[in-house]
Each structure stands twice: as structure tokens, then as C-alpha cells.
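This report refers to the structure that appears directly beneath it.
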Amino acid sequence: MNPKKQEMIMRELEWGINSETNSLFLAGDVANETLHSMVVHLDTLLRINPEKDINLNINSFGGDTYAMFGIVDKMRHITETNKVKVNTICVGTCMSAAAVILAAGTGIRKAHKHSSIMVHDGQIGIQEKVADFQRASEHFKELTERGNKLMAECTKKDFDYWNSLSKFDSYFTAEEALEVGIIDEIIGV
């Protein structure tokens, strides 16, 4: 193998991207560090292949709501400003915030045949004074509503469906996710 190509492949492995397939990977928690990494990786792939759709492979149990909205906003911004779509692919597990990112893909949304997808309302963990807790609770309720509105916008189901479903952990197989519109196709059928 050409030494320059080998060096590029090793660098891409370190970065978590593959410029030949225009792919990147979201694995583990959705958090501020993940948001930063996703923005850098998306921008890098956009610079390398400015007219080629991006494939975001996801295997995550979810995480931070703010980081989730940041990733969704970045995917939409790329599509709006560059006409490049971000295809989302569930590889294993997409739960909570990761399920919303999967559904919000701006291109083709896919899941492998044996993937597991789970949605629920936002969770709050706060150890503060009662007044702070009440404010945080109201804010988190609003974030949950925004998430449910986003799911309704991205799927075949309305806000009321997602609002009632998200009160508890709700699990979907790839087939069920296809039925409700979280994904557009199943890989490996």
C-alpha cells in the first residue's frame, strides 16, 4: 500500500472518520465532547468531499439533550447550506438522544436488522434547592416537548403520539422503527 495512503488511513482511524465512504461514528455517550467531535468530523468530511453525502453511524445509549440538539442543528445546517445530506445509520443501539439524532438525519435513515431503538422523555438529575429544582424541571419539560416536536416533524407520527410514548422507555425493533418513521429502511433484511 502507498505509504501516504496508509498514513491517511491511520489518521482517519484516529479521527473516527473514513473519507472513502464519507462516514463517521457516534459511539458512546452523547455529551459536550461528542458534540465537539461531531462538528469537527462533519466539517472535515465536508472539506474532503464537499458534494458527497455523509454517513453517520450511531451506536449509543444516548446522553445530553443539549448536545443532541447541537448535533441535529449541525446536520440540518450542513444540508441547508451545502446541499449535502447526512444519512444516519443505527449500528446496534440508538437510545434516548441517539434515537432522536437517528430520526433527525437529513438523508436516508437506516437501521441494521437487529438494531434496538428506544425513546423516552428527558431525564433530570439535580441536587439543588427546591426553587432551583422547580425551574430546572420546567426547563426540562420544555426541552422534552421540543424533542417530541422534533420526533413528530421527522417521523410519520404526531406530537401527541411521541408525547404519550415518551413518558416511559419505549423500545422498537428495526421493523417497528420503520413502521413509525424513525428510519426509512432496514439494512440486512
| note | Subset of segment 6-59, residues under 21 Å from residue 94 (Cα atoms), among the hydrophobic types (A, V, I, L, M, F, W, C), crowded, with 18+ Cβ neighbours inside 10 Å and modelled with pLDDT of 90 or more, comes to 24, 25, 26, 30, 35, 38, 42, 54, 56, 58
| Restricting segment 172-184 to residues that are within 16 Å of the chain's Cα centre (by Cα) and either surrounded by fewer than 19 Cβ atoms within 10 Å (Cβ to Cβ) or without any contact (Cβ under 8 Å) to a residue 24 or more places away in the chain (or both), the residue that is nearest to residue 88 (Cα to Cα) | 184
| remark: residue 75 vs (1) surrounded by fewer than 16 Cβ atoms within 10 Å (Cβ to Cβ); (2) modelled with pLDDT of 95 or more; (3) farther than 17 Å from residue 178 by Cβ: all pass except (1)
| Of all residues in segment 156-171, how many are polar (S, T, N, Q) and exposed (fewer than 14 other Cβ atoms within 10 Å of the Cβ)? | 1
| task | Search segment 111-135 for residues that are aromatic (Phe, Trp, Tyr) and modelled with pLDDT under 90 and pair each with any residue that is surrounded by 11 or more Cβ atoms within 10 Å (Cβ to Cβ) and not in a strand (DSSP E or B) when their beta-carbon atoms are under 7 Å apart and the residues are at least 6 apart or on different chains. | result | 133/126
| note | Residues of segment 32-83 being among the hydrophobic types (A, V, I, L, M, F, W, C) and either closer than 23 Å to residue 169 by Cβ or not in a helix (DSSP H, G or I) (or both), in sequence order, are 54, 56, 58, 61, 67, 68, 69, 71, 72
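The values are calculated or read from the model by the stated rules, or taken from the named source; none is laboratory data. Worth saying up front: this structure is predicted, and the values here are computed from it rather than measured. Neighbour counts are summed over all protein chains in view; Cβ atoms, including those assigned to glycine, are modelled from backbone coordinates with ideal geometry.
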